[in-house]
Structures are given as C-alpha cells and as structure tokens.
Amino acid sequence: MRKRNIQNTNLTLHHSGPWQGYDVQLQRGPLFIPYLERIHETMTRAINSQGRTMAVRLDLSLPLDGYFRSGDVIGRFIQSLRAQIGADMARRKREGRTAPICRLEYVCAREQEGSYRHHFHVALFLNGDCYRGLGEMPVGRGGGSFDPDVLMDPNSTTVDSLAKRIVMAWARALGRSMEQTAGLVHFSDGGVYWIKRGSPLSDSQCAGLFNRLSYLAKESTKQFGHGGRNLRYSRP
C-alpha cells in the first residue's frame, strides 16, 4: 500500500477507515491527507466565524469549444463573486435592510479524467444570515423540470439570486456571456448544507458536510506537472 503519491511525494495518502473521526469517501481510491487537512481547516474556520453557515457544492466546467480567457479562471471567479456579494450587501444597506458581513470562504479541486478537459469541484461557504438558499433558478427547456444548468428563461440575465450570481461570476471569469455559460455550472443534488454553530445538530451536520467534501481530496483524478494547483482554498 503506497504511503505517498508517486508524482508528488509530499502528498501522503489515506487509504481506509475514518479520518480524524470523520467518515470519508474512499470509493474512488485513496485521499490526499494534506488536502483533507486544508478542507477541514477552511470548513471549520467558516463555521466558527459566524452563527449560521450555508455551504454550497457545485462544479465548474470549461467550454468545449476552448474559447475562454486564459489565466487564473478560479481567481477571477472568486473575485467576481465576492464583488457581487459585496454589492448586494451594500444595496440592502441602502434600502434599510439587514446586511451582515458576508465573508466568502471556498475550497476548489481541479480534476481531470483521461483526455477530457479539466473541471473544478467547488465548495462555497457563506453567512447563512445573508443568504437562505440559492434562490431563483432558471427554468429548464420547455418550461418543464427544474434545471439550474440551462439559462432559457427571459429573465436569465437578471442577476437577482445567489445561483445567478454564481453563474455570472463564472461567465465573467471565462469572458463569456450568461447564455454562453449555460451548462458550465452544475449545482450538485442535495448540495446545500446548513450549519448553526453550537446547535445540538452541529456536530452531525459538520460530519455530513465533511464527508461530502472529502471527495475533493481524491488522488485518482489529480494531474501533476501541468502547472497550477490541484487544490485551492481561501486563506484566513
């Protein structure tokens, strides 16, 4: 059983059983221990910094046509989303509404399977007193089932919900329009988590969230030697 990654021997591996008392996802093979540590630190910092935390799991893909702004797309995504959240809080304050401080924390894992273009698994942590959910989603084609990946409704460019702000941030990061970014942001099923600090359920809620996020630490889809970082996270 290997203790370290072959391409990067600084990365030790967790192969079986719980990690630090948390059940983790091992169905795709071993997990990078340093990644688990960074994910746990970020999650804990976000939860401890506010009374309520909302965590959102989503995936970001690059366009198949290859046309997007080069450079640090994740950095631009986070910068845009933070700016939009700041503008939303300022607008609420002008309107005389409650506008608590909303610090955005995040972890982001870069993934690549085979010859497919890499994509990103992302977890966002926000103040649960600022946002109570993803808000309005665009309606799917034909007005049928709910589909957050398809921006077909006539108001899709009106950025009036957290979900649309996330899509807009990715559109700006790529240098594309909202319509062109349709399908490149996927909100995971059951991917919104709520944690109230100090509540009787907080420990089990944290355990459930960390189990979900441990998937980002898997070794199997990480590529080395191509520049950039496979795991990024917000700093204190």
What number, rounded to the nearest 500 deg cm²/dmol, is the helix-based mean residue ellipticity at 222 nm of the chain, given -39500 (n - 2.57) per DSSP H run of at least four residues and division by all its residues? -9000 deg cm²/dmol
Span from the the stretch 1-69 Cα centroid across to the the stretch 188-213 one, whole angstrom: 15
Show which aspartates and glutamates lie in cross-link reach of K164 when reach means a straight Cα distance below 20 angstrom and same-chain residues fewer than eight apart are skipped. D59, D88, E105, D129, E136, D147, D149, D153, E179, D189
Reachable lysines from K218, Cα under 27 Å, same-chain residues fewer than 8 places away excluded? K3
Expressed in nm², what is the orientationally averaged projection area of the convex hull enclosing the Cα positions of the chain? 14.4
Tell me, for the chain, which Cys residues have no other cysteine's C-beta sitting closer than 4.7 Å. C108, C206
I want to verify a result. In a Gaussian network model of the chain, Cα cutoff 10 Å, which of these has the top mean-square fluctuation: D65, D203, D23? D65
Per residue convex hull volume, Cα only, the stretch 1-93, in Å³ is 184
Sort H121, H15 by heavy-atom solvent-accessible area, probe 1.4 angstrom, most to least. H15, H121
With every protein chain kept in place and a 1.4 Å probe, the chain has an accessible area per residue in Å² of 50
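The values are calculated or read from the model by the stated rules, or taken from the named source; none is laboratory data. Small disclaimer: the values here were computed from a predicted structure and weren't measured. A quick note on method: Cβ atoms are made from the backbone with ideal geometry, for glycine too, and the neighbour counts reach across all protein chains shown. What goes into the accessible areas is simple: the full protein's heavy atoms, side chains included, and nothing from ligands, DNA or RNA. Shrake-Rupley method; radii C 1.70, N 1.55, O 1.52, S 1.80 Å.
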